[in-house]
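One structure below.
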Amino acid sequence: MNAYKCKASGCSLLLEPWWADDTLNGYSVTIKITSKKAALNGIKVGMSYDSVQAKLEKKYGKSSVDAKDNEINLINVANSYIQYSFKNGKVKQIDFFHS
């Protein structure tokens with residue numbers, strides 16, 4: 001089975017199968033958002049760092065939000081990797097990975 005990749009302006013989706021013992025166990029999903037038209041968890045490109053942090057902490061709790069200088073990572077949320085990258089205090093890119 002091949003990977004599936006879809007790319008539109010400002011958003012890409014990659015769906016790849018993963019195998020164990022010659023058995024298809026599922027798919028990994030990778031999403032990258034750079035468009036202001038798309039959102040993840042109600043967060044859009046261009047939102048301010050403080051508003052993103054507050055919104056995520058309200059939704060998931062402070063212990064699930066790892067805020068650093070130029071990125072905010074969600075941890076322990078549905079076995080997914082979610083990262084919000086910032087430039088000049090605004091969301092530049094959103095990355096999501098789940099397997």
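With the cut-off at 14 Å, report for region 43-85 the share of all Cα pairs above it, as a whole percent. Value for region 43-85 (Cα pairs over 14 Å): 40 percent. Taking Cα atoms only, the orientation of helix 49-60 departs from the longest principal axis of the chain by about 60 degrees.
For the chain, the alpha-carbon radius of gyration amounts to 1.18 times the rule-of-thumb value 2.2 N^0.38 Å expected for a compact globular protein. Charge tally for LEU13 (other residues, Cβ to Cβ under 15 Å; Lys, Arg +1; Asp, Glu -1): +2.
Mean separation of Cα pairs under 8 Å and 6 or more residues apart, divided by the residue count, gives the chain a relative contact order of 23 percent.
Think of a 1.4 Å ball rolled over the protein heavy atoms: the chain then has 65 Å² of accessible area per residue. Relative protection proxy for 39-49, 59-69, from highest mean packing down: 39-49, 59-69 (other beta-carbon atoms within 10 angstrom).
Simple point charges give the picture: +1 on the Cβ of Lys and Arg, -1 on the Cβ of Asp and Glu, and for region 43-99 a dipole about the Cα centre of about 220 debye. What you get for the chain, charging only the Cβ of Lys and Arg (+1) and of Asp and Glu (-1), is a dipole of about 680 debye around the Cα centre. Within the accessible area of region 1-89, the carbon and sulfur atoms contribute 50%, probe 1.4 Å, all protein chains present. When Lys and Arg each count +1 and Asp and Glu each count -1, what net charge do the other residues less than 14 Å away from TYR81, Cβ to Cβ, add up to? With Lys, Arg at +1 and Asp, Glu at -1, the neighbours total -2. When each of the peptides 84-95, 16-27 is scored by the mean number of other C-beta atoms lying within 10 Å of its residues, the order from highest to lowest reads 84-95, 16-27.
Taking a sphere under 15 Å around the Cβ of VAL29 and counting the other residues whose Cβ falls inside, with K and R at +1 and D and E at -1, yields a net charge of +1. Only DSSP H runs of four or more residues enter the estimate; each adds -39500 (n - 2.57), and after division by the residues of the chain the mean residue ellipticity at 222 nm equals -4000 deg cm²/dmol.
The values are calculated or read from the model by the stated rules, or taken from the named source; none is laboratory data. Please read these numbers as outputs of a predicted model, since none were measured by experiment. Cβ coordinates were reconstructed from backbone atoms using ideal geometry, including for glycine residues, and neighbour counts include every protein chain displayed. Side chains are part of the model used for accessible areas, which takes the heavy atoms of the whole protein and leaves out ligands, DNA and RNA. Shrake-Rupley method; radii C 1.70, N 1.55, O 1.52, S 1.80 Å.
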